[in-house]
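Below you'll find the structure, written out as structure tokens, and then a few comments.
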Amino acid sequence: MGCDGGTIPKRHELVKGPKKVEQVDKNAELVARWYYCTLSQEKLKKPIVACELGRLYNKDAVIEFLLDKSPDKPHADSAAHLKSIKNVIELNLSDNPVWTGDKGNTKGDKYDDQCAQFICPVVGLEMNGRHRFCVLRHCGCVFSERALKEIKTDVCHKCGARFQESDLILLNGSKDEVEELRKKMEERRLKARMEKKSKKPRTVESVVTNAATAEGAAGPSGTTDGTKKSARDKINFVSSSNCAADSVSSESAATSSSAAVKRPLPSTDQKSEAYKSIFTSHSSAKRTKDQSSNWVTHTAYYF
């Protein structure tokens, strides 16, 4: 009994309260990270994307953020590393056949009773935060970490695409794991920028300059005059070849034209009767007076 006549609470009852509050906070954190968009804080719905740090977003929320990157937007710091839509991976998720929607819990304040919308397609674990899940960076397929450890392979279990261990991104990892993913992300972006710079095409001027320098170095004198002379010789050779080709073609054309002009015409006696009959002066084309039409109704032809 207490001093005021009340019952003194037992020791385990005193400890029970803080533990329960801590458990509720942990559950609420899991619900926020695995059921809601990191950027808009809305319910996750397809299409769902993940960044290179393993955070989950609604795709439309990411597009709106990229179109308007105002610093005063809420939770904008969680997506500050997103520079374009290429920095996110669209997830290829496997639906949970048991999931019936949010009809059982309309408030969303319970975690134990919630059924995950997506599962691991290999071992069937629910994607609810109690199990670690990974996404493949190239194909976007999502699997549980247990499935990847139990069935070790370099081919995706869902789509068949090949992957490496460096292509795995842990979803909603701890702070240390997020920092490690951030370092890998920066290394990949730096490597991509260096490859892009090395693949830029050289201009025509630089190509010509390099060729001229190489020819000059290969010449006997090793000076620029040798390069200019060789180039001049090449130009003269090409021009002389073109002139020779033009002269040959002109001569052939003149020969053919002269041959066409000098061809003897057939004499009048050698012409055939079929050739003569096409003219009106031929005897077969002349009409007699009886064959001529009346001048009133038709035009009269007199030959």
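Once backbone amide H atoms are built at 1.01 Å from N, Tyr36 has Leu44 as its partners under 5 Å, excluding neighbours fewer than 5 places away on the same chain. Taking the average, over residues, of other Cβ atoms within 10 Å as the packing measure, peptides 81-90, 190-199 rank 81-90, 190-199 from highest down.
Placing dummy labels 7 Å off each Cα toward the beta-carbon, the span from Ala80 to Met194 is 2.6 nm. Between Asn92 and Cys141, Val142, the built amide H atoms are under 5 Å apart, and every one of these is 5 or more places off in sequence or on another chain. Remark on Phe133: its backbone amide H falls under 5 Å from those of Glu145, Leu171, a criterion applied only to residues 5 or more positions apart or on other chains, H modelled at 1.01 Å from N.
With θ taken as phi - 60° and the Karplus curve 6.51 cos²θ - 1.76 cosθ + 1.60 applied, the whole-hertz 3J(HN,Hα) list for segment 44-53 is 5, 8, 5, x, 10, 10, 10, 8, 6, 9 Hz, x standing for glycine and proline. Going by accessible surface with a 1.4 Å probe and the largest first, His131, His138 read His138, His131. Judged by the mean number of other Cβ atoms found within 10 Å, the most tightly packed of the peptides 174-181, 274-281, 31-38 leads the ranking 31-38, 174-181, 274-281. Over 23 Å apart at the Cα level, from the set Lys86/Lys199; Lys86/Lys183; Lys46/Lys175, are Lys46/Lys175.
Seen from Cys37, the other residues with C-beta closer than 10 Å to its C-beta sum to a net charge of +2, counting Lys and Arg as +1 and Asp and Glu as -1.
The values are calculated or read from the model by the stated rules, or taken from the named source; none is laboratory data. All figures in this text were calculated on a predicted structure; none of them were measured in a lab. With ideal geometry, Cβ positions are generated from the backbone for all residues, glycine too; neighbour counts draw on all protein chains shown. Remember, those area values only see protein heavy atoms, side chains included, never the ligands or the DNA or RNA. Shrake-Rupley method; radii C 1.70, N 1.55, O 1.52, S 1.80 Å.
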